[in-house]
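The values are calculated or read from the model by the stated rules, or taken from the named source; none is laboratory data. Predicted, not measured: the structure shown is a model, and the values here were computed from it. Here the Cβ positions follow ideal geometry from the backbone for every residue, glycine too, while neighbour counts run over all protein chains shown. Ligands, DNA and RNA are excluded from the accessible area calculation, which covers all protein heavy atoms including side chains. Shrake-Rupley method; radii C 1.70, N 1.55, O 1.52, S 1.80 Å.
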Amino acid sequence: MKPIDSLDKCTTCTTCVAYCPVTRATRAFRGPKLTGPASERFRLLDEMTPGPNGEIEALDYCSNCKNCDIACPSGVKISTLNMMARGDWCREHKPPFRDWVLSHGTRFGALARLFPAALVRLGMTNPLTRWLLDRFGVSAKAPLPVYASKSFRQLFAKHMSGKTPGAKKVVFFPGCYIEDYDPQTGMDLVVLLERAGYEVIVPQTGCCGVPLIANGFMDEAAEAARVNSAELVRLSSPDVPILTLCPSCGLMLGQEYGEFFPDVDDVHTLSPRLEDACEFLIGLVERGELDISSLRPDRERLIYHAPCHLRAQGIGKPGLELLRMLGTHVEDAQAGCCGISGSYGFKKEKYDVATTVGKELFQTVKKSGATCCVSECGTCRLQISHHTGVPTMHPVSRLRQMLN
Ligand code: SF4
Ligand code: SF4
């Protein structure tokens, strides 16, 4: 069903309002019912007030966290309608340059890697840079990720040099976070898959497009969907699945490409071939394909945070399930959204909103006494560490540690 066709299913029950974390955190946002289906009717008639303090200002506060979609009993695609409306607005009105920079982080990764890692870290974290960024609209307090000295693809190419192709194959879509900021988590997955006898194929793909959509660059996101889906369909098959480590990439490739860009043929082939990496590893352990005989018991106390974009996929919590099936003591935080929503919480005017949204989760993590918080989403991990001081890790990296 096209997102626009879900509009008339709204029964105005207001369930989405009760579940929207941003509505609870700020009065600047009018809430999902008003900015979503209610406003869409006026947008269709071309009767919305653009601003100041009109439609676009209210719409801009939607973080695309998807909690409204998860809660809506009628299946209205509220956040998708919001993002499409924002995309339409931004076609006519250029978004701020700050939003362009935040949604095109991959463009700067190659440049950053020309310099020594310590210099990049210093350049990105020193007080003068942060002060300048703050003037530019990126909060001086925000937990910005730092570019890794080697990209995932660089580490992977070195790792694969001289290796012979394996009999069983999987495609791994790293996405921009693993590629530029957290390549080690990607390599942890590669090592586990190879241990189970798989050859890992890394496609020539870019960012999935979630940051582009969230910042209003809908046409660029459509191009990303076209290029990424063509390459992924070419390399995968019903027997060669596509794995993702980042829940936002999984949601985008498997669900949102079809909603936003139904005219791109290849996007409809992706969904049945996609699998969350933790889900895939659970299958490997259950079938005895992944040898866990050398597993060291994890005696630490862990807490798990389920990212909103994982919950929106309706596939349960495979990261939590994987760690529990290996005997790990891990508590499920069940404390809602962390607030960061990709680059949303980096923005100066949204930092406090994101902090308020994540408050319950931060308190839960701190109170738990856990020594590590596991979660699949890279920016959730940044936000949790920033507000709690508790170290964070992807469940796949935890498993690799247990097998070392
Ligand atoms: S939860 Fe769904 S049906 Fe209820 S008001 Fe929100 S969009 Fe409408
Ligand atoms: S996507 Fe999140 S912030 Fe936006 S309306 Fe839905 S629940 Fe609220």
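Among DSSP beta bridges whose residues both lie in the chain, state the antiparallel percentage, nearest 5.
Approximately 10 percent, going by the DSSP bridge assignments.
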Open item on the list: Rounded to the nearest 10 Å², what accessible area does Lys150 have for a 1.4 Å probe in the complete protein model?
Closed with: 110
TODO: Evaluate E = 1/(1 + (r/R0)^6) for Asn126 and Asp265, where r is the Cβ-Cβ distance and R0 equals 51 Å; express this FRET efficiency to the nearest 0.05.
DONE: 0.60
- [ ] Quick one: among Asp352, Asp265, Asp69, which has the greatest mean-square fluctuation in a GNM of the chain with alpha-carbon springs under 10 angstrom?
- [x] Asp265
Task: Built amide H within the under 5 Å cut-off of Cys372, gap 5+ - done: Ile303
Task: Surface/4 estimate of mean projected area, convex hull on alpha-carbon atoms of segment 195-295, nm² - done: 7.0
Open item on the list: Ignoring solvent entirely, what values of log10 I(q)/I(0) come out of the Debye formula for the chain at 0.14, 0.15 Å⁻¹ when each Cα is a single scatterer?
Closed with: -1.36, -1.55
Task: Probe 1.4 Å, accessible area per residue of segment 3-92, Å² - done: 48
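For Glu321, Glu92, Glu349, Glu256, give the ranking by accessible area with the largest first, probe 1.4 Å.
Correct descending sequence by accessible area is Glu92, Glu321, Glu349, Glu256.
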- [ ] Tell me, rounded to the nearest percent, the portion of alpha carbon pairs in segment 261-342 spaced more than 14 Å apart.
- [x] 72
TODO: At 1.4 Å probe size, with no ligands or nucleic acids counted, give the accessible surface of Tyr177 in Å², nearest ten.
DONE: 40
Task: Share of alpha-carbon pairs per 10 Å distance bin for segment 3-92, given as whole % - done: 18, 56, 25, 1
Task: Sequence of His268, His387 from largest to smallest accessible area, 1.4 Å probe - done: His268, His387
TODO: Give the Cα extents of segment 53-105 along the principal axes, in whole Å, largest first.
DONE: 37, 27, 18
Open item on the list: If I model a spin label at Met325 and Arg27 as a point 7 Å from the Cα along the Cα→Cβ vector, what separation in nanometres do I get?
Closed with: 5.0
Task: Compactness relative to 2.2 N^0.38 Å, alpha carbon Rg of segment 67-200 - done: 1.39
Task: Base-10 log of normalised Debye intensity for segment 312-386 (one unit scatterer per alpha-carbon) at q = 0.17 Å⁻¹ - done: -0.69
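Between Leu44 and Phe115, take the C-beta separation as r, use R0 = 30 Å, and let me know the FRET efficiency to the nearest 0.05.
Efficiency, from the Cβ-Cβ distance: 0.05.
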Open item on the list: Let me check something: with ligands and nucleic acids excluded, how do Ile4, Ile303 order by accessible area (1.4 Å probe), largest to smallest?
Closed with: Ile4, Ile303
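Taking segment 197-245, how much of its Cα-Cα pair set, in percent, is spaced more than 13 angstrom apart?
Details: 705 of 1176 pairs.
Value for segment 197-245 (Cα pairs over 13 Å): 60 percent.
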Task: For segment 65-70, Karplus couplings with θ = phi - 60° (6.51, -1.76, 1.60), whole Hz, Gly/Pro x - done: 6, 6, 5, 5, 5, 4
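Remind me, relative contact order of the chain in percent, using alpha carbon pairs under 8 angstrom and six or more residues apart?
16
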- [ ] As a check on your grasp of the helix formula, calculate [θ] at 222 nm for the chain: sum -39500 (n - 2.57) over DSSP H runs of n ≥ 4, divide by the residue count, round to the nearest 500.
- [x] -13000 deg cm²/dmol
